[in-house]
Every structure is written in structure tokens, then in C-alpha cells.
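Engineer: Pasting in a structure now, in C-alpha cells, and then I'll have a few things to ask.
Quick note: the coordinates plus some simple rules give every number you see, no bench work behind them. All values reported here derive from a predicted model rather than from experimental measurement. All Cβ positions, even for glycine, are placed from backbone atoms using ideal geometry, and neighbour counts span all protein chains on display.
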Amino acid sequence: MTTLAEQFEKADRLATVTQSIGFALWQLQELEGVTASYFVLLAQAKKGMGLAEGNDLVEKAQGKTFGTTLHQIAKAGLVSPEIEKRFTKLLSERNWLVHRSRADSRNVIHNGKAMVALLARLEAMADESLALLKFIDAETTAFVQKHGVSMDYVAQVSKQLLEQWHAADAL
């Protein structure tokens with residue numbers, strides 16, 4: 001029979017695991033969206049196409065799978081082979097997380113060693129997602145500066161967009 005202390009310990013482990021899964025998925029989803037936008041900006045956007053058409057392209061790109069986006073980015077030559085390899089590895093980890101992690105990790109609530117291994121894997125996914133987000137940010141910044149867009153203008157537009165988002169949240 002399981003004691004109350006053991007039940008609390010298992011509940012705490014489950015909370016820790018689900019929180020880590022949630023954070024890793026959050027980071028991965030952020031990377032997926034930013035990567036799709038990056039592809040549109042560098043490979044599909046045309047000067048003078050307008051906001052509506054640009055938003056349409058981004059929406060369509062974000063509707064595709066992460067794997068499709070990564071294939072398009074590699075095919076367009078937008079990343080080095082090293083970065084492509086990192087994206088491919090992260091895609092494999094992401095697919096494991098979404099499709100097989102629960103079945104592969106059923107014992108984490110009962111086995112501390114298994115839990116530690118899963119948490120390390122999840123943390124590695126979140127960390128690599130952040131590192132690739134930073135890579136895309138640097139590449140995007142270089143691209144827009146190369147095309148004559150000042151960082152002051154980017155900051156101004158970003159601030160306005162955030163204010164609009166926050167105002168929409170308040171409604």
C-alpha cells in the first residue's frame with residue numbers, strides 16, 4: 001500500500017515533469033513560428049507586397065509542419081549544414097516529445113533516475129530551441145539592416161505591436 005508521503009512525492013514528480021514538458025513545448029512552438037516567419041522574410045517576401053500579403057504568407061508558412069519549414073529553409077540555402085543538422089536533431093527530439101515521450105517515459109514518476117534523464121532531455125530541447133531562436137534573431141537583424149531598415153524603426157514597430165497585443169488582451 002502506498003503511503004500518503006509516497007503519493008505526495010509522486011504528485012510532485014508528475015508536476016515537475018509536466019512543467020518541464022510544457023516549457024520545452026512552449027520553446028519549440030516559439031521556434032517553429034519564428035522559423036516560419038524567417039523563411040517568409042528571406043525567401044518569399046517581395047519589396048512592395050504590402051502588409052496583408054506578407055501576413056498571409058506568414059500565416060500559410062506557420063500552418064505547415066516544422067519539418068516542412070526546415071526542408072524549405074535548407075533547400076533555399078538559408079542555413080549552413082551545421083545549423084541544418086542542429087535543426088534536424090531538434091526536430092527529431094520534438095517529434096519524440098510529441099509522439100512517443102509518454103509511452104517511453106511511463107516510469108519517471110516511480111524512478112528518480114529515469115526522471116532525471118527525462119528532465120535533462122527536456123532541458124536540452126528547450127536550451128537548443130532558445131539557441132536557434134537567437135541564431136534566427138541575429139540572421140533576421142542582419143537581413144533587415146542589409147536592406148536599409150534601421151533598428152530604431154524595428155524597435156518602434158515592435159513596441160507598437162506589443163501595445164496592440166496587450167490592449168487586445170485587456171478586452
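Engineer: With N set to the residue count of the chain, report its C-alpha Rg divided by 2.2 N^0.38 Å to two decimal places.
Structural biologist: Rounded to two decimals, the normalised Rg is 1.29.
Engineer: Return the inverse of the average 1/r over all pairs of distinct C-alpha atoms in the stretch 1-65, which is the Kirkwood hydrodynamic radius, in Å to one decimal.
Structural biologist: Final number for the Kirkwood radius of the stretch 1-65 is 14.8 Å.
Engineer: Here's something else I'd like to know. Cut-off 10 angstrom, C-alpha nodes, Gaussian network model of the chain. Which of Ile21, Ile73, Ile109 fluctuates the most?
Structural biologist: Per the Cα network of the chain with a 10 Å cutoff, Ile109 tops the list.
Engineer: Now for a separate question. With springs connecting C-alpha atoms under 10 Å apart, model the chain as a Gaussian network and identify which of Thr35, Thr18, Thr88 has the largest mean-square fluctuation.
Structural biologist: Answer for the Gaussian network model of the chain: Thr18.
Engineer: If you place +1 on the Cβ of every Lys and Arg and -1 on the Cβ of every Asp and Glu, how big does the dipole about the Cα centre of the chain come out, in debye to the nearest 20?
Structural biologist: 540
Engineer: Right, something else. Output wanted: per-residue J couplings in Hz (rounded whole) for the stretch 49-66, from phi through Karplus 6.51 cos²θ - 1.76 cosθ + 1.60, θ = phi - 60°, x for Gly and Pro.
Structural biologist: Along the stretch 49-66, the couplings run 6, x, 5, 4, 5, x, 4, 4, 4, 5, 4, 5, 5, 6, x, 7, 5, 4 Hz.
Engineer: Moving on. Work out from phi, with θ = phi - 60° and the Karplus expression 6.51 cos²θ - 1.76 cosθ + 1.60, the ³J(HN,Hα) of each residue of the stretch 149-164, listed in order in whole Hz, and give x for Gly and Pro.
Structural biologist: Using θ = phi - 60°, the values come out as 8, 6, 5, 5, 5, 4, 5, 5, 5, 4, 4, 4, 5, 4, 4, 5 Hz.
Engineer: Would you work out the relative contact order for the stretch 4-170, in percent, from Cα pairs under 8 angstrom that are 6 or more residues apart?
Structural biologist: The normalised contact order for the stretch 4-170 reaches 33 percent.
Engineer: Would you mind getting me the FRET efficiency between Lys47 and Thr18? Use the beta-carbon distance for r and R0 = 35 Å, nearest 0.05.
Structural biologist: Once the sixth-power term is evaluated, E becomes 0.15.
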